[in-house]
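Reading through the structure tokens given below for one structure.
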Amino acid sequence: MKITMIGTGYVGLVSGACFADFGHDVVCVDKDAGKIAAIEAGRMPIFEPGLDQLVGNNAEAGRLTFTTDLAAGVKGADAIFIAVGTP
């Protein structure tokens, strides 16, 4: 299944990494290019024990990718989760 997670905070990044670990293809989308670059470099924007390893393993396996391009991120998705902050 192809899953898109919109938002790479506590909910989006952790959920996306877990879905990828279950074997799904996951694209995490965020509007903050710096945050995406940091995650791709292995620097997690949040603290969650083991998250860096989980993200790294699934990114290396090709199941977890990151982008700032919303249109490309949702294209062909079977499921889209919106995990952004609320006021």
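Among the residues of the range 19-41, write down those that are closer than 11 Å to Arg63 by Cβ, hydrophobic (A, V, I, L, M, F, W, C) and in contact (Cβ under 8 Å) with a residue 12 or more places away in the chain. Passing the criteria: Phe19, Ala20, Val26, Val27. Ala20 meets all of the listed conditions (1) over 12 Å from the mean Cα position of the chain (by Cα); (2) of a type in the set (Gly, Ala, Ser); (3) at pLDDT 95 or above but one, namely (1). Among residues of the range 50-67 that are over 16 Å from Gly12 (Cα atoms), those with a beta-carbon under 8 Å from a residue that is in a helix (DSSP H, G or I) at least six positions away or on a different chain give the pairs Asn57/Asp21; Ala61/Ala20.
Candidates Gly76, Gly7: the one that is at positive phi and buried (at least 19 other Cβ atoms within 10 Å of the Cβ) is Gly7. The residues listed here are Leu51, Leu64; of these, the one that is open to solvent by less than 40 Å² (accessible area, probe 1.4 Å) and over 11 Å from the mean Cα position of the chain (by Cα) is Leu51.
For beta carbons closer than 6 Å, sequence separation of 6+ or different chains, a first residue in the range 69-85 that is part of a helix (DSSP H, G or I) and a second that is not aromatic (Phe, Trp, Tyr), the qualifying pairs are Leu70/Val29; Gly73/Thr4; Gly73/Val27; Gly73/Val29; Gly73/Thr67; Val74/Thr4; Val74/Ile80. Of the residues making up the range 48-87, those that are acidic (Asp, Glu) and within 18 Å of Gly34 (Cα to Cα) number 2.
The values are calculated or read from the model by the stated rules, or taken from the named source; none is laboratory data. What you see is a predicted model; the values in this text were computed from it and never measured. Backbone-built Cβ (ideal geometry, glycine too); neighbour counts: all protein chains shown. Remember, those area values only see protein heavy atoms, side chains included, never the ligands or the DNA or RNA. Shrake-Rupley method; radii C 1.70, N 1.55, O 1.52, S 1.80 Å.
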